[in-house]
Amino acid sequence: MPNKKNQEQVKQLEEKIKDFPNLVVTTYQGLATPELDDLRSKLKPLGCEYSIVKNTLTRISLEKAGLNEFAKYFTGPTAVAFHKGDAAGLAKVVVEFAKSNEKLKILAGFLSGKVLTDKEVKILATLPSREVLLTKIAVMLNSPMQKIATVLNAPIQKLALVLKSLEQQKAKA
């Protein structure tokens with residue numbers, strides 16, 4: 001029979017997993033507390049949380065949340081970065097920190113309903129942010145409209161130029 005403290009932790013983890021659809025699982029063995037605090041401070045501006053978790057309780061929470069295939073990554077000393085927003089932003093911060101701290105290893109990611117391997121998380125980190133991608137899409141969608149407006153406006157401009165030149169010729173004559 002599980003004790004109440006563990007049941008509470010399972011319930012909290014399950015709620016956190018549902019509230020934060022983007023997760024990155026890492027190992028932290030060998031990292032000192034100041035290094036972990038440094039990672040947390042880099043994640044905080046993004047609205048992320050980085051927590052060391054108990055594997056058994058996390059696996060139970062994942063199973064209750066319907067994420068059985070993701071539970072296999074929770075072996076050994078693990079920590080999870082939880083994030084609600086831009087998945088690429090989360091991946092960038094964790095990957096950059098892992099490059100400067102070799103002891104932090106990325107195990108996997110769960111981003112917007114899809115389980116990602118460590119390589120896929122690193123690829124995601126190379127993508128531009130969501131805002132940059134949305135801006136590029138808006139520019140691409142606006143471009144054809146600008147071209148149509150230019151093409152439709154050209155005959156009117158030419159007519160105006162012809163009329164103006166006729167007016168100038170009549171004024172001289």
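Read-outs throughout are calculated quantities, based only on the coordinates presented, and are distinct from any laboratory measurement. Keep in mind it's a predicted model, so treat the numbers as computed, not measured. With ideal geometry, Cβ positions are generated from the backbone for all residues, glycine too; neighbour counts draw on all protein chains shown.
The mean sequence distance of close C-alpha pairs (under 8 Å, at least 6 residues apart), as a share of the length of the chain, puts its relative contact order at 26 percent. Along the positive direction of the dipole of the stretch 21-94 (beta-carbon charges: Lys, Arg +1; Asp, Glu -1; about the Cα centre), which of 41, 93, 78 reaches farthest? Farthest along the dipole direction, towards plus: 78.
So what is the calculated 222 nm ellipticity per residue for the chain, using -39500 (n - 2.57) for each DSSP H run with n of 4 or more, over all residues, to the nearest 500 deg cm²/dmol? Present the calculation step by step, with values, prior to reporting the outcome.
Values: 6 runs with 103 residues, N = 173.
It comes out at -20000 deg cm²/dmol, rounded to the nearest 500.
Past 21 Å, Cα to Cα: identify those pairs from 4/84; 4/64; 4/105, in the order given. Where the Cα-Cα span goes over 21 Å, the pairs concerned are 4/84; 4/105.
So what's the stretch 1-41 giving for Rg/Rh, alpha carbon basis, Kirkwood Rh from the mean inverse pair distance?
Values: Rg = 13.9 Å, Rh = 12.7 Å.
So for the stretch 1-41, dividing Rg by the Kirkwood Rh gives 1.10.
Average 1/r across all pairs of distinct alpha carbons in the stretch 128-173, invert it, and you get the Kirkwood radius: 13.6 Å. Residues whose amide H falls under 5 Å from that of residue 107, counting only those 5 or more places apart or on a different chain, are 25, 26, 27, with hydrogens built in the peptide plane. Distance distribution note for the stretch 75-115: the fraction of Cα pairs above 11 angstrom is 68%.
Taking every alpha-carbon pair in the stretch 4-127 and binning the separations at 10 Å intervals from zero gives 14, 49, 33, 4, 0 percent.
I'm a student and want to see the number: the projected area of the Cα convex hull of the stretch 25-94, averaged over all directions, in nm². If you can, show how the numbers build up before the last one.
Details: hull surface 19.4 nm².
Computed as one quarter of the Cα hull surface, the answer is 4.8 nm².
Please report, in debye to the nearest 20, how large the charge dipole of the chain is about its Cα centre when each Lys and Arg carries +1 at its beta carbon and each Asp and Glu carries -1 there. Walk me through the numbers before you get to the answer.
Details: 27 positive and 17 negative charges, 126 e Å.
Using only the charged Cβ atoms, the result is roughly 600 debye.
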